[in-house]
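Just so you know, all these numbers are worked out from the coordinates, no wet-lab data involved. Owing to the predicted nature of the structure, the values given are computational and were not obtained by experimental measurement. Cβ coordinates were reconstructed from backbone atoms using ideal geometry, including for glycine residues, and neighbour counts include every protein chain displayed.
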Amino acid sequence: MGNSDLNPYQPPQMYTVPVSQASAHPELASRMARLGAHLIDVVISMAITVPIAFATGYFERVMKQQVTIQEILLQLMIGFGAYLIVHGYLLATQGQTVGKMLVGVRIVDYTDGEIIPIGRQLLMRDLIMTVIAMIPFVGGLISLVGICLIFGAEQRCLHDLLAGKKVVKA
């Protein structure tokens, strides 16, 4: 009777996964859900920034190639400010943008499944990728290759790798 596994009167054992481990491995979001979320976020961004670009004459100057680096940087700051106003709270508290919330996905840390601090999200994903995209000639190519990485087994783009994150079902 020394081995409790052989005791016929022992209550059945059940294997349970601690909550911290269960949340670390949620199901990855589908590529289509990620695309849908991104498209929703782009439409929201354009609804804010395009009217501003028209109202300030920026759009017309871009078309005439008469825009200065200061104007470009100002428009980037306006776009970034709008992004924070629209998505900042959701990113900080739920790991979601409006688009991600609507399609039912969220951004989490790659290793522990926790919500990523917003500073890390904005710096490692948004700022670095924006700077890379602005590099003449190679920036667009790097961005395209980075997006195509989603077709790998882990479904992580370059910005996911840089920020140490993954996108999972909410």
Looking at (1) out of contact with any strand residue (DSSP E or B) (no Cβ under 7 Å at 6 or more places or on another chain); (2) closer than 19 Å to G164 by Cβ; (3) part of a helix (DSSP H, G or I), which one does V42 not meet, given that it meets all the others? (2)
Kindly state which helices (runs of 4 or more DSSP H) lie completely within segment 69-170 and contain at least 1 residues that are under 20 Å from M32 (Cα atoms) and among the β-branched types (V, I, T). 98-103, 138-148
Of everything in segment 85-102, what is surrounded by 15 or more Cβ atoms within 10 Å (Cβ to Cβ), aliphatic (A, V, I, L, M) and without any contact (Cβ under 8 Å) to a residue 40 or more places away in the chain? Give them in sequence order. L90, L91, A92
